[in-house]
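Notes follow once the structure below has been shown.
The values are calculated or read from the model by the stated rules, or taken from the named source; none is laboratory data. All values reported here derive from a predicted model rather than from experimental measurement. Ideal geometry is used to build each Cβ from the backbone, glycine not excepted, and the neighbour counts take in all protein chains shown.
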Amino acid sequence: MASAAAPLSSIGLVGLAVMGQNLALNIASKGFGISVWNRSHEKTVATVARAKEEKVQAPLRGFEKIEEFVASLQKPRAVIILVQAGKPVDAVISQLSGLLEPGDLIIDGGNEWYTNTERRAKELQPKGLHYMGMGVSGGEEGARHGPSLMPGGPKEAYEMVKPILLKIAAQVDSGPCVTWIGEGGAGNYVKMIHNGIEYGDMQLIAEAYDVLKNVGGLTNDELAATFAEWNRGELESFLIEITARIFTKKDESGFIVDAILDKTGQKGTGRWTVQEAAELGVPVPTISAALDARNLSFMLEERRVAHKSLHGPALNAGAAVDKAQLIKDVKYALYAAKICSYAQGMNLIRAAGAKNGWHLRLGEIASIWKGGCIIRARFLDRIKKAYDRSADIASLLIDPEFAAEMNERQASLRTVVTLAISRGVSTGAFSASLAYYDSYRRDRLPANLTQAQRDYFGAHTYERTDKAGVFHTEWTQ
C-alpha cells in the first residue's frame with residue numbers, strides 16, 4: 001500500500017463497492033491522482049490491483065488507515081463518499097470531519113434524501129467544511145467510463161472540483177454531462193426525480209412488452225427486432241437498447257428473460273419521488289403507477305393464489321390482431337406516455353426549485369441526462385430545446401412541438417390501453433399517462449362535484465363560475 005510521503009493526490013474517495021471502485025478508476029484514467037480508503041481493507045487492495053491491471057493514467061493509491069488517507073490529499077482537500085445512505089454516511093463524515101481542515105470539501109455521491117444533505121451541511125459549517133450532495137447516474141459502466149453527475153451545494157465548493165467533474169462525466173455533443181444544479185440538497189433532489197422518471201420509463205417499456213407478447217403474440221426474436229428498430233428512431237435510448245439485447249440472451253434452458261422471476265425490487269428513490277410529489281401537490285400518476293407495479297409484483301404469492309380464483313378475459317395472444325399495426329400503435333403509445341411521464345418529473349423538479357429557492361435550470365438538467373445515465377435518450381435533446389424556447393413553460397405538454405406529437409399519437413395510446421383492457425392485460429403506467437393527458441387538456445373536470453361533497457359534509461366552501469367570492473350551501477335545508 002501507498003505511503004503518505006508520495007506526491008499528494010488531487011482527490012480522495014471513500015467506499016469501494018461497485019460504484020466507488022469504478023468511479024475511482026474513472027478519475028485515475030482521466031489523469032487525476034486519487035487516494036482511496038474503505039472500511040474493509042480487502043476492497044482497497046482489490047481496487048489498487050485493478051488499477052494496475054487496467055494501467056490507469058494517474059496514480060491510484062490505497063490506504064489502510066484513514067489518517068494516512070486524509071494526509072495524502074492536496075489542500076484544500078476534496079473527498080467523495082460512496083457508501084450506503086443514512087447512518088453509514090454519518091459515520092464516515094464523523095471520521096473525516098475530525099481530520100479535515102477549514103476549506104476542505106466532502107461530497108456524498110450516493111442516493112440520499114436531500115434534507116439529510118442539507119442537515120449535514122449545516123452541521124459541518126462551524127468546522128469550516130464544505131459539503132455537497134452529488135447525484136451519480138449510470139450504474140457500473142457509467143461510473144467507470146463517464147456518468148451523469150448532478151452536484152448540488154455551495155457554488156464555490158463545486159468550483160473546487162469542477163475541473164475533475166468535467167473530465168470524468170459522460171461526454172456528448174453538447175458537452176460534459178455535469179452542471180452545478182443549485183444550493184443545498186438540489187443535486188440529491190434532481191437525482192431522486194431522475195430515478196423516479198427511470199421507474200416510469202422502465203414500467204412503460206415493460207407494459208409495451210406485455211402487450212406485444214401477450215396480446216400481439218410476438219416471439220422473443222420478434223421483440224428483439226422490434227425494440228432494435230425502435231432504437232433507431234425517436235425512441236432511441238439506453239433502456240430501449242438494452243431491452244432489445246435482453247430478448248436475445250439465452251442459456252441452457254432457453255431465453256433468460258422467460259426464466260426470470262416476476263418480482264421487482266426497489267431502493268426507495270421512486271417511493272421518495274411519489275412522496276415528494278404528494279407533499280408539493282404535483283401530479284405524477286405515471287411514476288406512481290410504476291411504483292405501484294413494483295409493489296404489486298412483490299406480492300407474488302398473493303398473485304399466485306388470486307390467479308386461481310379471480311377471472312378476466314382470455315389473453316388469446318395473437319388472436320384477431322394486426323401485428324404490424326399493433327407494433328406501430330405501441331410505439332406511438334410508448335412515445336406519448338413517455339412525454340407525459342417526463343412532463344410530470346420536470347414539473348416536480350420545477351416546483352421543488354421554487355419552494356427551496358434553488359433557481360433550477362430545467363434545460364441544463366435535461367442536457368446532462370443525455371449521456372452516462374440510465375434514462376439517457378435522444379428524446380432529452382428535444383426537452384432541452386423546449387426549455388430553450390420557453391424556460392418558464394408550464395408543462396412540456398404545451399410546448400408546440402410536443403403538443404403536436406401528443407395530438408398525433410394520443411389515438412394510438414387510446415388504442416393500446418383499450419385493447420389491453422379488453423384482453424385483461426394491466427397497463428397501469430400507459431393508462432395513467434392517458435388519464436393525465438385527458439385531465440390536463442380539459443377545461444372543466446368533475447371536481448365541481450367533489451367540492452360540493454366537501455362543502456356538504458365539512459362546510460369547506462366553494463367558488464362559483466358565475467360570480468366572485470367564496471360560498472357555502474346548507475345542503476340539508
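Might you check whether a residue that is touching a Gly at 6+ places or on another chain (Cβ under 7 Å), at positive phi and modelled with pLDDT of 95 or more occurs anywhere in the range 163-174?
no
How many residues are in contact with a Phe, Trp or Tyr (Cβ under 8 Å, 6 or more places away or on another chain) and either in a helix (DSSP H, G or I) or polar (S, T, N, Q) (or both) when one looks only at the range 277-309?
Adding up the residues that qualify gives 6.
The rows are residues; the columns are (1) within 26 Å of Arg144 (Cα to Cα); (2) touching a Leu at 6+ places or on another chain (Cβ under 6 Å).
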| position | (1), (2) |
| --- | --- |
| Leu166 | yes, no |
| Leu218 | no, yes |
| Asp221 | no, no |
| Ala244 | yes, no |
| Val257 | no, no |
| Asp262 | no, no |
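For the structure I just gave you, tell me whether Leu362 is modelled with pLDDT of 95 or more, of a type outside the set (Phe, Trp, Tyr), outside the structural domain of Leu166 (by TED's automatic domain parsing) and surrounded by 21 or more Cβ atoms within 10 Å (Cβ to Cβ). Break it down into steps so the answer makes sense when it comes.
Numbers: modelled with pLDDT of 95 or more: yes; of a type outside the set (Phe, Trp, Tyr): yes; outside the structural domain of Leu166 (by TED's automatic domain parsing): yes; surrounded by 21 or more Cβ atoms within 10 Å (Cβ to Cβ): yes.
Judged against the criteria, Leu362 is a match.
Looking only at residues in the range 397-452 that are part of a helix (DSSP H, G or I) and among the basic types (Lys, Arg), which one is modelled with the lowest pLDDT?
By that ranking, first place goes to Arg423.
Looking at (1) within 22 Å of Glu401 (Cβ to Cβ); (2) more than 27 Å from the chain's Cα centre (by Cα); (3) among the polar types (S, T, N, Q), can you tell me which one Ser341 breaks?
If we test Ser341 against (1) within 22 Å of Glu401 (Cβ to Cβ); (2) more than 27 Å from the chain's Cα centre (by Cα); (3) among the polar types (S, T, N, Q), just (2) comes out false.
List the number of the failed condition for Asp466; all other conditions in (1) among the acidic types (Asp, Glu); (2) free of Cβ contacts under 8 Å to residues at least 40 places away in the same chain; (3) assigned by TED's automatic domain parsing to the domain that holds Arg350 hold.
With (1) among the acidic types (Asp, Glu); (2) free of Cβ contacts under 8 Å to residues at least 40 places away in the same chain; (3) assigned by TED's automatic domain parsing to the domain that holds Arg350 applied to Asp466, the lone miss is (3).
Tell me which strands (runs of 3 or more DSSP E) are completely within the range 19-118 and hold 3 or more residues being crowded, with 20+ Cβ neighbours inside 10 Å, in contact with an Asp or Glu (Cβ under 9 Å, 6 or more places away or on another chain) and in contact (Cβ under 8 Å) with a residue 12 or more places away in the chain, or say none if there are none.
78-81
So in the range 128-155, with the set limited to residues that are assigned to a loop (DSSP other than H, G, I, E, B) and not small (Gly, Ala, Ser), which one is nearest to the chain's Cα centre (by Cα)?
Among those residues, the one meeting the criterion is Pro147.
Taking the residues in the range 157-186 that are aliphatic (A, V, I, L, M) and closer than 22 Å to Lys122 by Cα as candidates, determine which candidate is surrounded by the most Cβ atoms within 10 Å (Cβ to Cβ). First the steps, then the outcome.
Our first condition is that a residue be aliphatic (A, V, I, L, M); within the range 157-186, this holds for 157, 160-161, 164-166, 168-170, 172, 178, 181, 186.
Those still in the list that are closer than 22 Å to Lys122 by Cα too: 157, 160-161, 181, 186.
Working: Ala157: 24, Met160: 20, Val161: 22, Ile181: 32, Ala186: 30.
Looking at the filtered set, the residue picked out is Ile181.
Scan Ile383, Ile349, Ile327, Ile393 and give me the residue that is assigned by TED's automatic domain parsing to the domain that holds Ala432 and under 16 Å from Tyr189 (Cβ atoms). Outline the logic, then answer.
Working: Ile383 fails: under 16 Å from Tyr189 (Cβ atoms); Ile327 fails: under 16 Å from Tyr189 (Cβ atoms); Ile393 fails: under 16 Å from Tyr189 (Cβ atoms).
On inspection, the qualifying residue turns out to be Ile349.
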